[in-house]
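Report on the following structure.
Since every read-out is calculated from the coordinates, none of them should be taken as a lab result. This is a predicted model, so every value here is computed, not measured. So basically every Cβ, Gly included, is an ideal-geometry build from the backbone, and we count neighbours across all protein chains shown.
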Amino acid sequence: MRNKLLTTSLFAAAALFTVAGCSSNQAVKTTDGKTIVTDGKPQVDDDTGMVSMKNAETGKTEQINRDQLKSMGELDN
């Protein structure tokens, strides 16, 4: 019984850390000087070269060409 509780607790903690790690905001800087704060990590489509992200300010999903990105970095939340 005690071993089962320990195993369940470890799985729950691992799941919590996984979810918490995915929810960090990112700052995306474009070549024209604009900075977009995203809600979560942007998704890159290697076939089309487009980057999809959810804008943290507006809540809308946006796409931008990878060539128009200067940098992407995780923000301290």
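Here are the numbers:
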read-out: Count of residues meeting criterion [part of a strand (DSSP E or B), over 13 Å from the mean Cα position of the chain (by Cα) and not β-branched (Val, Ile, Thr)] in the stretch 32-77; value: 8
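Let's see how each residue does on (1) touching a residue at least 12 places away in the same chain (Cβ under 8 Å); (2) closer than 14 Å to Asn25 by Cβ:
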residue: Thr35; (1), (2): no, yes
residue: Thr38; (1), (2): yes, yes
residue: Pro42; (1), (2): yes, yes
residue: Asp47; (1), (2): no, no
residue: Met53; (1), (2): yes, yes
residue: Ala56; (1), (2): yes, yes
residue: Thr61; (1), (2): no, no
residue: Arg66; (1), (2): yes, no
residue: Leu75; (1), (2): yes, yes
